[in-house]
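The values are calculated or read from the model by the stated rules, or taken from the named source; none is laboratory data. Predicted model, so just to flag it, every value in this text is computed and none were measured. As a convention, Cβ positions derive from the backbone with ideal geometry for all residues, glycine included, and neighbour counts pool all protein chains shown.
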Amino acid sequence: MNLIDGKAIAGRINEETGRKVALMKKHGITPGLAVVLVGEDPPSVAYVRNKDRISQQLGLYSRRIELDQSTTQKELLAVVDRLNADPDVHGILVQSPPPPQIDESEIVKALNPAKDVDGLHPLNVAKLAMGDPTALVPCTPLGCQKLLVESGITIEGKHAVILGRSMLVGKSLALLLMRKGQHGDATVTVAHSRSLNLTKILLSADIIISAIGKAGYLRGEQVREGAVVLDVGTSRVEDPSTRSGYRLAGDVAFDEVAAKAQAITPVPGGVGPMTIAMLMVNTVAACQNQTGFSV
Ligand SMILES: NC(=O)c1ccc[n+]([C@@H]2O[C@H](COP(=O)([O-])OP(=O)(O)OC[C@H]3O[C@@H](n4cnc5c(N)ncnc54)[C@H](OP(=O)(O)O)[C@@H]3O)[C@@H](O)[C@H]2O)c1
């Protein structure tokens, strides 16, 4: 079994991004990222802090906007409008999930598509579906694809089974892996909570990517010998032995599946760091598109 070290791969990508940012800054251009958090959902607070910390480390201009839990749709739309118009901000991410009074899809539609660094605006989704290479692609799917490529795993012609059909992960990843060329060309099956014969489907997979958010759900007997397994899931499970009282767990029953897999990502330290690395990559790309200056 080969452990795919997402932290190390993300570290190398971040170094490259940092070098690009330094070069752009020499020419008076600083890529800027705004991350908007509404409310105090603990995992979201941690993600937003991490994104802010890493963008600062890489030399980007980072703006963290923290809004009250009671923020209205109208107030949030006004924040998005201001960021859309702000020339210092090239990428905008509104952390998901927002509180229930917020209609997330309307917020996404209000983003300037050129600044939509999580790739969820309908224009970017359509571009991805059409195989247009100028699409801004959601960070987690992009990170999964990059992990496979950087680990020397061939995607072309393989049967990739994706568990989960959210726009943020499963559906976008399916579009990405089935794209013609561009590290795609996989045969993709997307499974979800209504899928029948899931074990049979999984046993025919060369690559399994699980994004459902149920700790330890994927068992060893559902994975064929030699498959590649990426674990996107992150659930907080109680663990009194830790200082916080919880630990992060993936969707995959790690020891069982690792015994059969050719390669596998851990949680934490697999897909998570790649999501942030790809957010930085997308922000730099968005800045280059908006300023017409590329390195
Ligand atoms: N590491 C990272 O950077 C990162 C980034 C994003 C998300 N995540 C994690 O990835 C997980 C998924 O996130 P998400 O936003 O995509 O979640 P989501 O919107 O809740 O979607 C979950 C998907 O899983 C499917 N599902 C649920 N139970 C299933 C089952 N028993 N068998 C097959 N499919 C099942 C659901 O099916 P239905 O559509 O039928 O309901 C749904 O499509 C979460 O744990 C999240 O925290 C991690």
*asked:* Going by what's in this entry, would Leu176 be described as not basic (Lys, Arg) and not in a helix (DSSP H, G or I)?
replied: no
*Starting from the stretch 198-216, keep only residues that are without any contact (Cβ under 8 Å) to a residue 60 or more places away in the chain and farther than 16 Å from Lys158 by Cβ, then list their pairs with residues that are within 10 Å of the ligand (Cβ to nearest atom) and among the hydroxyl-bearing types (Ser, Thr, Tyr) whose Cβ atoms are within a distance under 7 Å, requiring at least 6 positions of separation or different chains.*
Gly213/Ser235; Lys214/Ser235; Ala215/Ser235
*Of everything in the stretch 150-163 that's more than 17 Å from Leu128 (Cβ to Cβ) and touching a Gly at 6+ places or on another chain (Cβ under 9 Å), which residue is nearest to the ligand (Cβ to nearest atom)?*
Leu163
_Selection status of Ser55, closer than 30 Å to Ala8 by Cα and outside any loop (DSSP other than H, G, I, E, B)_ = yes
*Matching helices (runs of 4 or more DSSP H) fully within the stretch 180-295 where at least 3 residues are within 15 Å of the ligand (Cβ to nearest atom)*: 198-203, 271-291
*In this structure, does Arg165 turn out to be touching a helix residue (DSSP H, G or I) at 6+ places or on another chain (Cβ under 7 Å), more than 22 Å from Val281 (Cβ to Cβ) and in a loop (DSSP other than H, G, I, E, B)?*
yes
*Does Val190 count as in contact with a helix residue (DSSP H, G or I) (Cβ under 9 Å, 6 or more places away or on another chain) and in contact (Cβ under 8 Å) with a residue 24 or more places away in the chain?*
yes
_Selection count, the stretch 153-180, where residues are without any contact (Cβ under 8 Å) to a residue 12 or more places away in the chain and surrounded by fewer than 15 Cβ atoms within 10 Å (Cβ to Cβ)_ = 1
*Look through the stretch 131-152, keep the residues that are β-branched (Val, Ile, Thr) and crowded, with 19+ Cβ neighbours inside 10 Å, and return whichever of them is nearest to Asp5 (Cα to Cα).*
Thr140
*Could you list all residues from the stretch 125-160 that are in contact with a helix residue (DSSP H, G or I) (Cβ under 7 Å, 6 or more places away or on another chain) and in a helix (DSSP H, G or I)?*
Leu128, Ala129, Cys139, Thr140, Pro141, Leu142, Gly143, Cys144, Gln145, Lys146, Leu147, Glu150
*Only listed residue being on the phi > 0 side of the Ramachandran plot, not polar (S, T, N, Q) and not assigned by TED's automatic domain parsing to the domain that holds Tyr246, chosen from Gly32, Gly59, Gly11, Gly18*: Gly59
*Does any residue of the stretch 118-136 turn out to be on the phi > 0 side of the Ramachandran plot and among the acidic types (Asp, Glu)?*
no
*In this structure, is Met167 under 30 Å from Asp206 (Cβ atoms) and within 12 Å of the ligand (Cβ to nearest atom)?*
yes
_Any residue that is of a type in the set (S, T, N, Q), closer than 24 Å to Arg236 by Cα and in a loop (DSSP other than H, G, I, E, B) - is there at least one of those in the stretch 60-75?_
yes
*In the stretch 237-249, is there at least one residue being crowded, with 18+ Cβ neighbours inside 10 Å and of a type in the set (S, T, N, Q)?*
no
